[in-house]
Amino acid sequence: MKAFPFSLDGAAKDWLYLQPVLFNTWEDMKRTFLEKFFPASRTASIRKEICGIRQHTGETLHEYWERFNKLCATCPHHQISEQLLIQYFYEGLSLMDRSMIDAASGGALMDKTPAAARHLISNMASNTQQFGIRGPNQPRMVNEIGAASNQ
């Protein structure tokens, strides 16, 4: 609790030092801080984003995994279980990445414990970052050919 002020910056640090009463417990300070900087509407909005996250077209597994983890970190008190977090991430995967993860998990990812599933996804995401994807990322195109006259 004594180190908490050193983790704050700007408005949050000002807020803490302007409190009229010192906090007796970590829970009191945490609750008051979250009420001030994470109102219920903001928390609900972030929870909706987490529940509805989808992998963008052209987004690698690594990029999607990073975006998902950053989103979860923006609201550490989202109160979504680890099992549901993995499920929301999995449901948002592209079909190709979902199939790849299922194959790597030896069946279905959702049959694994949340910790094992997170470990597998993290390793696979690291591999896609380290080794990328094979071949060009652009779709192949067919060009039109016109006929020339010999006259």
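Every read-out reported here was derived from the displayed coordinates using simple, explicitly stated rules and does not represent laboratory data. Quick caveat, the model's predicted, so the values are computed rather than measured. Using ideal geometry, Cβ is built from the backbone for each residue, glycine included, and neighbour counts are taken over all protein chains shown.
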The extension gain from S41 to W26, computed as 0.36 nm times the residue separation minus the Cα-Cα distance, is 3.1 nm
With axes computed from alpha carbons, what is the tilt in degrees of helix 61-73 against the longest principal axis of the chain, rounded to the nearest 10 within 0 to 90?
20
Report, in degrees rounded to the nearest 10, the 0 to 90 angle that the Cα long axis of helix 114-131 makes with the longest principal axis of the chain.
50
How do 62-73, 101-112 rank on mean C-beta neighbours within 10 Å, highest first?
62-73, 101-112
Hey, could you get me the Stokes-Einstein D for segment 41-130, Kirkwood radius over alpha-carbon pairs, 4 °C and 1.567 mPa s, rounded to whole µm² s⁻¹?
98
State the percent of C-alpha pairs, over all pairs in the chain, separated by a distance greater than 22 angstrom.
58
